[in-house]
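Data first, discussion second: the structure below is written as structure tokens.
What follows draws every value from the coordinates through simple rules; no lab data is involved. Remember, it's a predicted structure, so these values are computed and weren't measured experimentally. Using ideal geometry, Cβ is built from the backbone for each residue, glycine included, and neighbour counts are taken over all protein chains shown.
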Amino acid sequence: MLTDVSLPSTNQVCELAYELDARNGLQRIKYEATGWYYWDWELNGQKRKVHYIKAGQTGDPVVVLVHGYGASSYHWRYNVPALAEAGYQVYAVDLLGFGYSEKAKEDYTNGELWSGQVAAFIREVVAPAAGGAPVVLAGNSLGGYVSLATAATEGPELVRAVALLNGAGPFKESEEKAAAEAAEWEEGNWFAAAKRSVANTVKRGVMYFAFLRTKTPERIREVLQMVYVDHSSVDDDLVTSIENPAKDPAASEVFFLVSHSTRGPPRYVDGLLQRLQVPLLLLWGDKDPWITPARAQKIINLYPSAVKVGLNSGHCPHDDTPAEANAALINWLSGLPPVGSGAAASARNV
């Protein structure tokens with residue numbers, strides 16, 4: 001149980017409202033350009049504005065949803081109402097640099113800032129409302145990597161289970177390559193440092209022009225339709241929710257920073273799975289052209305107790321095929337062992 005929690009600095013700017021999607025008959029969050037809730041996160045002596053959504057009953061169990069690269073908490077528009085209706089308290093948080101959260105010029109290497117952000121969010125925002133009970137983390141793509149890293153580094157006292165929806169993150173390809181990557185970052189390797197400096201100068205310019213192209217509504221729609229099975233799911237509200245944050249004056253610089261490493265080697269998925277101690281769900285869109293089912297199988301090979309549920313869906317199954325994703329997630333949540341039973345901590349040995 002989490003203890004010694006205090007009330008965080010939070011602010012509600014808009015009432016959360018739902019609307020019926022006539023296309024699929026599902027309730028979803030009504031899009032609002034202002035966002036809904038904000039939290040001031042103390043980071044490196046500064047207050048950073050972090051956006052989130054909350055819904056459902058106060059208390060345990062609690063589900064915290066973490067979006068993928070370039071998306072926001074609104075990407076969970078169909079899942080928040082369904083989880084709340086199923087009796088869960090649910091939060092969806094915007095990672096720093098994305099969505100409604102501040103476009104902060106920080107070091108995003110290896111996702112360490114984001115896993116620290118999610119851990120702080122659980123402790124400072126979620127825990128006071130949830131009685132200090134550990135949460136379930138569910139993340140899509142980059143958010144899956146962040147969720148896994150948070151659970152692995154913080155332990156079952158903070159996170160009781162993890163669901164990866166087409167989770168991203170680097171695997172260790174071989175010991176030889178891992179050693180070579182580590183050597184590249186060794187202190188005193190001036191040649192490698194010089195190469196990185198030159199490469200980053202070029203990369204910054206290339207990524208600036210790439211950002212200008214990718215932030216247009218037409219390109220956003222095109223990319224989403226590449227990874228969605230149901231193209232009708234890529235509607236105007238979804239495109240707008242991705243386009244608007246990209247209009248922030250600092251967005252292009254953050255676009256570079258989140259793709260840039262200042263230290264290494266990478267934080268491998270292999271190592272995170274070795275440290276994980278809780279139940280793991282792999283809720284996978286099997287038609288994803290980017291993160292294929294082979295990746296889910298690789299995770300199972302490293303963490304045999306993981307449960308895999310495949311869906312006829314793409315990279316974002318929670319929004320592409322939300323009814324099926326909600327049913328699978330809620331079914332798995334209902335079967336989790338109670339907090340304090342000891343079963344969760346022995347999950348990797350099942």
The answer for the net charge of residues other than V118 whose Cβ lies under 13 angstrom from its Cβ, with Lys and Arg +1 and Asp and Glu -1, is -3
Give, as ranges by residue number, the residues of the stretch 49-86 whose backbone N falls under 11 Å from the point 7 Å along Cα→Cβ of Q12.
54-56
Over 29 Å (Cα to Cα) - which of K247/K308; K47/K298; K105/K298; K54/K103; K47/K308 fall in this group
K247/K308; K47/K298; K105/K298; K47/K308
Per-residue HN-Hα couplings for the stretch 118-135, Karplus 6.51 cos²θ - 1.76 cosθ + 1.60 at θ = phi - 60°, whole Hz, x for Gly and Pro?
5, 4, 5, 4, 4, 5, 8, 9, 6, 4, x, 8, 10, x, x, 6, x, 10
Order of 107-118, 157-168 by packing, highest average Cβ count within 10 Å first?
157-168, 107-118
Mean Cβ count within 10 Å, highest first, over the residues of peptides 77-85, 319-327:
77-85, 319-327
Within the stretch 18-335, what percent of beta bridges assigned by DSSP are antiparallel, to the nearest 5?
40
Can you return the aspartates and glutamates within cross-link range of K287? Criterion is Cα-Cα under 12 Å, with same-chain partners fewer than 8 residues away left out.
D230, D320
